[in-house]
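Here is the structure we will look at.
The values are calculated or read from the model by the stated rules, or taken from the named source; none is laboratory data. Note that the structure is predicted; figures quoted are calculated from it, not measured. Please note: Cβ atoms are built from the backbone with ideal geometry, for glycine as well, and neighbour counts cover all protein chains shown. In case anyone asks, the SASA skips ligands and DNA or RNA and just uses the protein heavy atoms, side chains included. Shrake-Rupley method; radii C 1.70, N 1.55, O 1.52, S 1.80 Å.
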Amino acid sequence: MKFDKPETTNPIDQLKVVGQPVNRVDGPLKVTGAATYAYEWHDPHARLAYGYPVGSTIAKGRIASMDLSRARTAPGVVAIVTAKEAGQLGKGSRNTATLLGGPEVEHYHQAIAVVVAETFEQARAAAALVHVTYEEAEGRFDLTAEKDGLGPTESDVKVGEFETAFAEAAVRLDETYTTPDQSHAMMEPHASLAAWDGDKLTIWTSNQMIAWSVGDVAKTLKIPPANVRVISPYIGGGFGSKLFVRSDMILAALGSRAAGRPVKIALPRPFLMNNTTHRPATIQRIRIGAGRDGRITAIAHEGWSGNLPDGDPENAVDQTKLLYAGAHRLTGNRLATLDLPEGNAMRAPGEAPGLMALEIAMDEMAERLGLDPIEFRVINDTQVDPGNPARPFSHRQLVECLRVGAGRFGWAARDARPGTARDGRWLKGIGVAAGFRNNLTMKSGARVRLDRRGVVTVETDMTDIGTGSYTIIAQTAAEMMGLPIERISVRLGDSSFPVSAGSGGQWGANSATAGVYAACVKLRETVAQRLGFNSKDAVFADGEVRSGDRRVSLAQAASDGELVVEDTIEFGNLKKTHQQSTFAAHFVEVAVDAATAETRVRRMLSVCAAGRILNPKTARSQVIGAMTMGVGGALMEELAVDTRRGFFVNHDLAGYEVPVHADIPHQEVIFLDEVDPMSSPMKAKGVGELGLCGVGAAVANAVYNATGIRVRSYPITLDKLITQLPGAS
Amino acid sequence: MPILHDLELNRRDLMVGGGTLAALTAVPAVVQAQPSPAGAPALTKVSLTVNGQSHDLEIDIRTTLLDALRERLHLTGSKKGCDHGQCGACTVLIDGRRVNSCLTLAIMNEGMEITTIEGLGTPENLHPMQEAFIKHDGYQCGYCTPGQICSGVAVLGEIKAGIPSHVTPDLTQPVTLSDAEIRERMSGNICRCGAYSNIVEAMTEVAGRQG
């Protein structure tokens, strides 16, 4: 099905099942421990062996020698694979560094060997016996040191004459902000179980993008994609870390080939943070010029980040092209080469760190203009792409988000003078920030089956990374086929199913359900034909197909055998003619201890405008989860870089702090009533990343309101506050 | 529920599901009678009582309780998130108290009553805490969930038993249930998906029902 015209009315609009706060259909399996994650597949007939990785202990250079002799003779060892044993490997099209290093080492904890043994304990012990010597090369690890050599590039996007307009502006802001390297830190480590059957490879893994994985495993191992099957029905969190093939898949496959047995491997937590990807640190310079009326005349956002050679920048400036009005604009990324582990997508790549900076800048600018921060944003709202005014937003309710949130949160009671609200020893503050994230759509396929019991089974390689895919897909099929949700079975995460959008970039929910919608439209036509209905008149409801006085049970259509159809939704030009984005307003109240500078978040509210909400229960969870991650980014999360040795020092869950229960108050989410017929037949958009975009700045602005201290370097830890607290000597 | 049923079928087609104990007979032959001076693993016999069932294992003494549960008994509901006691995903109940099962060796738990998530309830017969997690959406990816639920059950027990915490305002008074008590006591169980707000609601409902 091609989606290239704004949607009119369709069966989803009934909202009997879609749009309802249905409990997760995979819930009973998850709460009882019965859901099977990557490392948990057991076959009593397979002589399963255990893999354990060996990582480089230098950041850059060459392996001079590897002594495997002690490891090889260690008890239980079945095989050891290094680059030498592996032979010539390719590199996945989405990988920057190779997944099995050697003799060249590209980053710290790059995998350089896998040890396979009969048991986990034996594999771990033997891996510690691999002795490696290196020829260390000098690397570049310090973004600040590299920044100065990096100026404007040809890819800078310019609208009007920024420099002139900025120089002439009545009120100006020119500030620099920094965000640190961050780790996804999902709860399930990357894990894979690989088994060969002749030249055919099956990998049970934990991955967000099944078809990408098939392609990149094949490319890395230099085997045909048709010989690779990837299965990933449950994923213990990803946040972008599992978008790509990582070392666990390749080491398990190579280890299994060498051992002649199925091999499973989970990346040890202390290894994972330097071995896999992270969100790169940024330095961001923001300049805003405005008239005394508060109208922005000039806005520039430049971002510096680093990555391995051939890596991408952290695109922290993109939202600044679209979020606020202003005739004269400049955005650009400057990319340094750094020899740290590979930087790549983490939840809301670009916007998450970009808005952490931009939305502090907006708060600062409002203060300079003597305007309320909400009014300043309202004044500069735009209903068109500011760089191309002929191109409107499909639907933009940022102002409504801010207004509704202000009312609900009690914004009017806020004292704009910082450091004035006290609650005993606590300094209290309230902050706001806008949230913005584009709505991406991706081609997505599904197969649907109707059996003689009247059960509809949906098969698609879509993944559920905690997002609720199982549930919203079941809701979509139930709505389309006129069945209760209990009559829908959903099977996900298997490369033998049609290729879907996968989970990433908050495109999954809308695109994958649209693919299921397309397949169900086809199934409805097939059913109608089979039962002798005109498909245009047929109504699917209560397990029946009806037209006029005639009604036949849906199951009847499959009485002679299962009906199986497949379709794919493809998206046309609507995203070019209309800018499709999602919007939010985030409100945060903090209390900062007047003596210790300890910051506690007391209240949080997010108001989101993101198209039709397919399931308010699971969508709300997406948003509160993102708000929680936003608190982490604002107050604690930072991979500390050792700029001499070139690695992240705090590479486990004790050193890399993420929010825990005690850090998070009750959270409130409001979804504005919205449908976006430009987006898909579902009229939905994404929320999974929107919920994170801007939260960190709302926390930072609340800390400023509480203390009068403007911290422009995340995370806002107490050492950055304590010497400047009101009354500190 | 057909969805669940079919997932089970799907899994069984490929490999036998996690609940089976059949693989016990297929454990690799690494068994040695005594520790060997040549560096062979030291093996010992241990009897573990898990969810009311007794299991006799011959086990590498380095095996954590978590790995014994997951890799030998195939009770994979207890999750390995960090293997270092930093995340709480492996939380089980030992003699009614919550323990990070990655931080205790299997051989240290002879004779103890071990309860895992599988022992609390099944998809067909859910424990009230499991039900409340579903109702309040106290999870997303589900990986920390068994640990959260085991901790949640134990925390309500700790509060009922009058065991104080860091945030208990008055040590001379009985401990009362509050959001702050729940949040403090649950802070050893990380949920990166960020379901904390919903987990507190789920636990509060169960505590209310218990009275």
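Below, the figures for the structure above:
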quantity: Relative contact order for the stretch B:128-210, counting Cα pairs under 8 Å that sit 6 or more residues apart, in percent; calculated: 48 percent
quantity: Principal axes of the stretch B:128-210: Cα extent on each, largest first, Å; calculated: 40, 25, 17
quantity: Out-of-range pairs (alpha-carbon distance over 31 Å; input A:Lys147/A:Lys683; A:Lys2/A:Lys242; A:Lys158/A:Lys617; A:Lys84/A:Lys147; A:Lys242/A:Lys576); calculated: A:Lys147/A:Lys683; A:Lys158/A:Lys617; A:Lys84/A:Lys147
quantity: Residues in the stretch A:1-40 reached by a label modelled at A:Val539 [backbone nitrogen below 16 Å; 7 Å Cα→Cβ]; calculated: A:10-17
quantity: Alpha-carbon centroids, the stretch A:278-349 and the stretch A:477-509: separation in whole Å; calculated: 35 Å
quantity: Average projected area [Cα convex hull, the protein assembly as shown], square nanometres; calculated: 39.9 nm²
quantity: Within 10 Å of each Cβ in A:70-81, the average number of Cβ atoms from other chains; calculated: 2
quantity: With 5 Å bins from 0: P(r) over the stretch B:27-119, alpha-carbon pairs, percent; calculated: 3, 15, 25, 25, 16, 10, 5, 1, 0
quantity: Kyte-Doolittle at least -1.0, axis length at least 27 Å by Cα - qualifying DSSP helices, chain A; calculated: A:508-531, A:616-635
quantity: Against the rule of thumb 2.2 N^0.38 Å, how large the Cα Rg of the stretch A:86-205 comes out; calculated: 1.74
quantity: Part-to-part distance (alpha-carbon centres) for the stretch B:102-174 and the stretch A:91-125, which is given in Å; calculated: 36 Å
quantity: Of B:Tyr196, B:Gly208, B:Ser165, farthest towards positive along the dipole that unit charges on Lys, Arg, Asp, Glu beta carbons give the stretch B:128-210; calculated: B:Tyr196
quantity: B versus A: buried accessible surface, summed, Å² (probe 1.4 Å, to nearest 100); calculated: 6700 Å²
quantity: Cα-based Rg / Dmax (Å) for the stretch A:493-553; calculated: 15.3, 47
quantity: Computed magnitude of the charge dipole of the protein assembly as shown (debye, nearest 20; Cβ of K, R +1, Cβ of D, E -1); calculated: 880 debye
quantity: For residues of B:80-92, the mean tally of beta carbons on other chains within 10 Å; calculated: 5
quantity: Qualifying lysines (Cα of each under 16 Å from Cα of B:Lys79; at least 8 residues distant if same chain); calculated: A:Lys30, A:Lys264
quantity: Burial order of peptide ranges A:47-58, A:76-87, A:303-314 (average beta-carbon count within 10 Å, highest first); calculated: A:47-58, A:303-314, A:76-87
quantity: Packing-based order for B:142-149, A:499-506, B:159-166, using average beta carbon neighbours within 10 Å, highest first; calculated: B:142-149, A:499-506, B:159-166
quantity: Mean Cβ neighbour count within 10 Å, used as a protection proxy, ranking A:331-340, A:369-378 highest first; calculated: A:331-340, A:369-378
quantity: Ellipsoid equivalent to the stretch A:86-132 - semi-axes via the Cα gyration tensor, in Å; calculated: 24, 12, 10
quantity: Residue-averaged beta-carbon neighbours from other chains (10 angstrom radius) around A:119-127; calculated: 5
quantity: Amide H within-cut-off set for A:Asp385, under 5 Å, with H built and near neighbours excluded; calculated: A:Arg391, A:Phe393
quantity: Convex hull volume per residue for the stretch A:253-384, taking Cα atoms only, in Å³; calculated: 155 Å³
